[in-house]
Amino acid sequence: ERNLGTRVQSDYLDEIAVLLSGQVAETLLLGEPSDGAGLARGSDLERATYLAGCLIASSGLGQHLTFRSEISVPAIRRLIDNDRAFERDCDQILQSQKRRSTALLRTKKRQLRAISDSLLRSNILSAEQISEILNSNQVR
């Protein structure tokens, strides 16, 4: 039984994979990604990078146990800017989770297309609407 408020490595990796899945979906459906996952503070790419940095810098859940920094976006950003090995380690996590997301979404391409088509028609889908699409016999 896990204590609420604490996270294990798979929690971080799962969230990173989810954050990268929008860009992966664009690639699978459109042939290439747009820059929509990045460009701004708070973007999916910044959040995924921050989580990868947290794994490495201070959680004790990465390859090294060394506590490198407090948990804050500016602190993680400084480490990435000033430490090439840290940047490579973060990128390695991001790339592995992007591959993981790609493998999963490839197996769900019909459902992904159905969600995309629905979004084009209505711009917004609720969790309930997405669930209905995923459970529909038409996309299996």
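Below is a table of values for the structure above.
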| read-out | value |
| --- | --- |
| Share of pairwise Cα separations in the stretch 68-140, more than 15 Å, in percent | 68 |
| Karplus-derived HN-Hα couplings along the stretch 128-136 (A = 6.51, B = -1.76, C = 1.60, θ = phi - 60°), whole Hz, x at Gly and Pro | 5, 5, 5, 4, 4, 5, 5, 8, 5 |
| Backbone N within the stretch 20-62 under 20 Å of label point (7 Å from LEU4 Cα along the Cβ vector) | none |
| Extreme residue, positive dipole direction of the chain, given options PRO74, ILE93, GLY60 (C-beta unit charges) | ILE93 |
| Accessible surface ranking that places the most exposed of LYS108, LYS98 first, with a 1.4 angstrom probe | LYS108, LYS98 |
| Cα centre as origin, Lys/Arg/Asp/Glu Cβ charges: the chain dipole, Debye | 400 |
| The stretch 24-39-the stretch 92-140 distance, computed between alpha-carbon centres (Å) | 13 |
| Phi-based couplings in Hz for the stretch 56-71 (Karplus 6.51, -1.76, 1.60; Gly and Pro marked x) | 7, 7, 8, 7, x, 9, x, 6, 10, 8, 4, 7, 9, 6, 5, 8 |
| Listed residues ARG77, ARG100 arranged by accessible area, highest first, probe 1.4 Å | ARG100, ARG77 |
| Sorted peptide list for 41-50, 18-27, criterion being average Cβ within 10 angstrom, highest first | 18-27, 41-50 |
| The chain - percent of accessible surface contributed by carbon and sulfur, probe 1.4 Å | 51 |
| More than 28 angstrom apart: percent of Cα pairs within the chain | 28 |
| Accessible area of the chain divided out per residue, in Å², using a probe of 1.4 angstrom | 66 |
| Cα-centre dipole for the stretch 9-91 with unit charges at Cβ (Lys and Arg positive, Asp and Glu negative), debye to 20 | 300 |
| Length-normalised contact order of the chain in % [C-alpha pairs under 8 Å, at least 6 apart] | 23 |
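The values are calculated or read from the model by the stated rules, or taken from the named source; none is laboratory data. Every value quoted in this text rests on a predicted model; they were computed, and no experiment measured them. All Cβ positions, even for glycine, are placed from backbone atoms using ideal geometry, and neighbour counts span all protein chains on display. In case anyone asks, the SASA skips ligands and DNA or RNA and just uses the protein heavy atoms, side chains included. Shrake-Rupley method; radii C 1.70, N 1.55, O 1.52, S 1.80 Å.
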